[in-house]
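Here's the structure, in structure tokens; my notes come after.
Read-outs throughout are calculated quantities, based only on the coordinates presented, and are distinct from any laboratory measurement. Keep in mind it's a predicted model, so treat the numbers as computed, not measured. Note that each Cβ is placed from the backbone with ideal geometry, even for glycine, and that neighbours are counted across all protein chains shown.
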Amino acid sequence: MQKRLFHLLIGLLTVFNSHAQKPKTPSSSEIYESIQKLNFLGSVLYVAAHPDDENTRLISYMSNHVKARTSYLSLTRGDGGQNLIGPEIRELLGVIRTQELLAARRIDGGEQLFTRANDFGYSKHPDETLEIWNKDHVLSDVVLAIRKFKPDVIINRFDHRRAGQTHGHHTASAMLSMKAFELANNISAYPGQLKQTELWQPKRLFYNTSWWRYGSQEKFDEIDKSNMISFDIGTYYPLKGMSNNELASLASSQHLCQGFGRLSQRGLQQEYIEFLKGEPLTDNKNIFSGIDTSWNRIKDGKAIGDILYKVEKNFNFQNPSEHVSQLIEAYKLLQNIEDLHWKTQKTKALKSIIRMCAGLYLEASAETNWATQNETINLDIEVLNRSSLPITLESLNNASDLNIAKNISLENNTKYNFKEVIRIKSDAPPTTPYWLSDKGTLGMYKVEDKSLIGLPETPRTYNIDFNLLINNVPITFTKPIIQRFSKPDKGELYRPFEIIPEASAKITEKVIILDNDKQRDITVIVKAGRNDLEGDVEVCHPNDWNVYPKKQKIFIKNKGEEQTLVFTVIPPKNQSEGYISPMVHIGDKNYTKELIEIDYAHIPFQTVLLPSESKIVRLDIKKKGENIGYIQGAGDAVPESLQQIGYNVRIIKPDDINAETLSRFDAVVIGIRAYNIVEDLKFKQELLFDFVAQGGNMIVQYNTNRRLKVDNLAPYDLQLSRDRVTDESADVRFLNPGHPVLNIPNKITQKDFEGWTQERGLYFPNSWSDEFTPILSMNDKGEIAKDGSLLVAKHGKGYYMYTGLSFFREFPAGVSGAYRLFANMLSLGKQDLKLEAKLND
């Protein structure tokens with residue numbers, strides 16, 4: 001996959017995670033805030049359906065003001081949405097959105113959890129959602145999250161009482177949370193989970209309400225709020241130099257693939273939560289009322305609290321290392337605590353604070369960011385004690401073959417570097433998002449290893465344990481192996497250390513359309529994960545297709561290099577479709593996966609392994625016209641798809657839109673959501689309408705009805721709505737069966753609407769002038785007909801067309817009928833005028 005970079009200017013709060021971005025070097029104020037959180041023994045679980053659903057203001061408030069351990073449970077990874085920054089959709093979009101959630105949590109201070117639910121697209125009712133998701137499996141995941149995280153308080157983002165009034169995923173998330181609240185402490189509910197966790201009963205459940213739930217601020221002001229708690233989530237944090245809502249804006253702005261970059265907010269701002277169930281509130285200003293959130297909460301915790309509260313009260317901002325001795329004493333006492341949950345959580349936090357106070361820098365950097373099974377990798381290990389504390393590095397080890405005694409006293413601010421070597425195990429599994437390892441269903445990801453359910457990422461298997469003595473107390477810090485390197489134009493960079501197969505392969509085109517029975521060459525690229533890779537490659541194909549040659553030899557000298565092979569595909573005489581995939585044979589092993597790299601500046605570098613396959617279609621299609629101009633919007637594969645069926649497609653930048661440029665094209669296509677995100681198009685509309693009047697075709701794909709950058713979307717009155725048809729198999733009725741767009745040059749039939757994916761379309765117009773002719777009618781079950789999915793208007797000598805049909809989803813899926821219909825739209829007016837007149841009679 002082509003690498004894309006998107007630069008995020010957020011310099012004020014550049015915070016990094018352990019999965020290979022630059023390690024965090026905390027200030028004294030950050031250490032102090034960590035101690036405050038260490039001394040609060042309470043937790044909040046926020047529940048919603050998708051990335052970007054979470055209220056970062058409230059998560060940040062709970063984490064930074066209340067100091068509670070706070071986590072966001074997103075039932076899905078957002079796979080079904082759109083991508084405003086690149087071409088990745090479906091599973092790869094879910095990977096990006098997962099990382100954007102983690103980036104948001106690194107800013108607002110929360111943690112991140114998931115279920116196995118797959119975002120299959122917009123749903124109009126929770127009943128449909130829960131049927132596609134597998135209600136019992138997702139409910140079990142929510143119960144598991146509660147049992148593992150052990151929240152005192154749960155806050156739902158959405159209202160469980162609004163079935164059918166909003167996104168089905170949203171309502172379903174609240175309904176499942178309500179049910180899980182009751183089941184988490186029930187021993188007969190999902191008893192198999194108790195092998196890895198234990199029963200837990202949250203104290204209270206709330207709904208994060210707001211004026212938008214009631215339609216207006218005026219209506220909200222009038223309701224009875226005696227059952228609600230409100231917070232000023234605009235509270236100012238002097239230690240951070242910013243307010244809570246400013247911090248939350250930065251967190252929310254991490255959702256860049258959804259266009260959530262926004263201005264920061266500040267000042268007084270009220271947030272409301274409505275009490276739903278659990279223990280009644282004794283103080284309507286405190287969600288933890290009646291809950292002991294001090295160290296007295298746990299048996300033998302008072303002695304620990306006595307030490308740590310003093311550290312907090314007397315914290316030395318000038319020299320935090322002064323407190324390490326006290327922190328070590330608390331650490332020793334903590335190891336004797338019977339409560340395993342709090343022992344685990346607070347030990348992790350306390351070790352981190354000890355490391356920060358001591359100014360310890362611990363890093364294990366590999367010479368490369370990936371390796372294969374049995375490979376030997378050189379490590380550069382750095383250890384630095386930036387304090388006067390007596391600290392000894394006793395040894396270094398990992399889970400496989402490294403176990404080296406050091407016994408080195410770490411002098412103040414003296415850097416120690418070690419060159420070590422590790423060997424990757426022969427059975428080391430490749431690194432990839434665990435939820436993508438096995439093929440799931442439309443609504444659910446398949447996760448064989450139950451211990452992974454809920455985790456945001458695949459745990460790193462290659463780490464280094466730094467075994468230290470601090471004040472004669474043994475403490476081990478575990479750091480994942482990373483690659484640290486630099487580039488002259490970017491400076492210091494970090495990447496995760498990944499395990500990849502010795503060979504991977506891809507076909508350069510994910511959809512291959514052949515509009516006749518002539519043979520066509522395809523390109524297969526094989527990438528070497530190790531040096532001296534030798535073997536052969538074949539292309540698996542449907543029985544009625546042929547590929548020549550049967551096999552080709554490969555030899556790749558150096559790790560990371562690629563070899564390009566050309567195979568010839570011979571299609572059948574008649575229309576046919578199926579899948580082809582490359583298979584690399586190395587010795588007695590076969591490799592059929594593609595190595596995909598995702599590179600954006602605001603998230604860590606991602607490596608994903610997916611089955612390598614391309615859809616291949618022998619398509620019965622005809623077309624008129626040749627040259628297409630494409631104005632890009634939010635990002636889609638439509639230009640490449642049109643090239644597949646023989647069109648010459650040129651991307652037009654807004655600055656280049658003028659009469660002379662437009663005159664070179666038979667048609668101009670506007671990319672999805674272009675009028676939502678391309679500011680300059682408001683200055684180019686009249687030029688585009690003139691192009692149509694002179695005989696060109698203009699096809700506008702879907703836009704949302706909010707934040708339009710233009711006053712006039714079309715040369716005639718046209719109003720967008722939120723109408724959509726989410727059932728991809730919904731009946732399609734031809735309102736004007738004789739219209740040329742359904743007949744020339746391809747005869748469109750019901751068969752052309754078979755095999756559509758995810759949805760029929762979205763944001764259809766619901767009002768238009770008489771100049772427009774509606775072509776199709778469709779609707780979801782139980783709803784009235786929607787007639788605005790495809791509208792055609794004659795304008796001068798050409799045609800203006802608006803469509804909410806999801807061509808941007810159907811083309812990458814190789815849906816043949818979508819290609820045939822779009823070819824007719826591009827061809828409109830280019831056909832025999834006598835035939836067109838006859839069809840219009």
Of the listed peptides 471-482, 667-678, what is their order by residue-averaged count of other C-beta atoms within 10 Å, with the highest listed first? 667-678, 471-482
Highest mean first, what order results for 81-91, 414-424 on Cβ atoms within 10 Å? 81-91, 414-424
Phi angles of the stretch 386-400, converted by Karplus (6.51 cos²θ - 1.76 cosθ + 1.60, θ = phi - 60°) into ³J(HN,Hα) in whole Hz with x for Gly and Pro, give 9, 8, 8, 5, x, 10, 10, 8, 7, 6, 10, 7, 9, 6, 10
The stretch 42-293: C-alpha gyration tensor shape, a/c 1.5 cut-off, then a/b vs b/c: rounded
Starting from 0.36 nm per residue, how many nanometres of slack lie between A785 and E394 once their C-alpha separation is accounted for? 133.4 nm
Potential lengthening between K589 and K22 on full extension [0.36 nm per residue; Cα-Cα distance subtracted]: 200.4 nm
Helix-only mean residue ellipticity at 222 nm for the chain, each DSSP H run of n ≥ 4 adding -39500 (n - 2.57), per residue, nearest 500: -6000 deg cm²/dmol
If the reach is capped at under 17 angstrom between alpha carbons, list the lysines near K624, excluding any in the same chain fewer than eight residues apart. K747, K797, K830, K834
With r defined as the distance between the Cβ atoms of K446 and Y579 and R0 fixed at 25 Å, what FRET efficiency is calculated, to the nearest 0.05? 0.80
For 386-395, 547-556, 697-706, ranked highest to lowest by mean beta-carbon neighbours within 10 Å, the order is 697-706, 386-395, 547-556
Efficiency of FRET from Cβ geometry, D544 and M228, R₀ 56 Å, rounded to 0.05: 0.30
Check cross-link reach from K285 to the aspartates and glutamates: straight Cα distance under 15 Å, and skip same-chain residues fewer than eight apart. D232, E271, E274
Percent relative contact order for the chain, counting Cα pairs under 8 Å at least six residues apart, stands at 10 percent
Give me Rg/Rg_expected for the stretch 95-137, where Rg uses Cα atoms only and Rg_expected = 2.2 N^0.38 Å with N residues. 1.46
What is the calculated FRET efficiency for S352 to F418, with r their C-beta to C-beta distance and R₀ = 22 Å, to the nearest 0.05? 0.45
Across every pair of different alpha-carbon atoms, what Kirkwood hydrodynamic radius in Å does the stretch 27-99 reach? 14.0 Å
With both bridge residues required to lie in the chain, what share of the DSSP beta bridges run antiparallel, to the nearest 5%? 75 percent
Sum up the lysine pairs in the stretch 505-618 that clear both bars: alpha-carbon distance under 12 Å and a spacing of 8 or more or different chains. 7
Classify the stretch 627-840 from the C-alpha gyration tensor, please: rounded if a/c falls under 1.5, else prolate or oblate depending on whether a/b exceeds b/c. rounded
Mind pulling the angle between the C-alpha long axis of helix 340-357 and the longest principal axis of the chain? Nearest 10 degrees, somewhere in 0 to 90. 80 degrees
Each label sits 7 Å from Cα toward the beta-carbon; between T508 and W212 the label points are separated, in nm, by 4.4 nm
Could you give the dipole magnitude of the stretch 602-661 about its Cα centre, charging the beta-carbon of Lys and Arg +1 and that of Asp and Glu -1, in debye to the nearest 20? 280 debye
Straight distance only, please: which lysines reach the Cα of K313 with their own Cα at less than 24 Å, same-chain residues fewer than 8 apart left out? K37, K67, K240, K299, K302, K332, K343, K346, K348, K351
Let's see if you can work this out: charge +1 on each Lys and Arg Cβ, -1 on each Asp and Glu Cβ, no other charges. What is the dipole magnitude of the chain about its Cα centre, in debye to the nearest 20? 820 debye
Picking from L334, V524, V569, whose Cα lies most toward the positive end of the charge dipole for the chain (charges on Cβ: Lys, Arg +1; Asp, Glu -1)? L334
Under 1.5 on a/c is rounded, so check that first for the stretch 505-618, then, if it is not, pick prolate when a/b is larger than b/c and oblate when it is not; a ≥ b ≥ c are the square roots of the alpha carbon gyration tensor eigenvalues. oblate
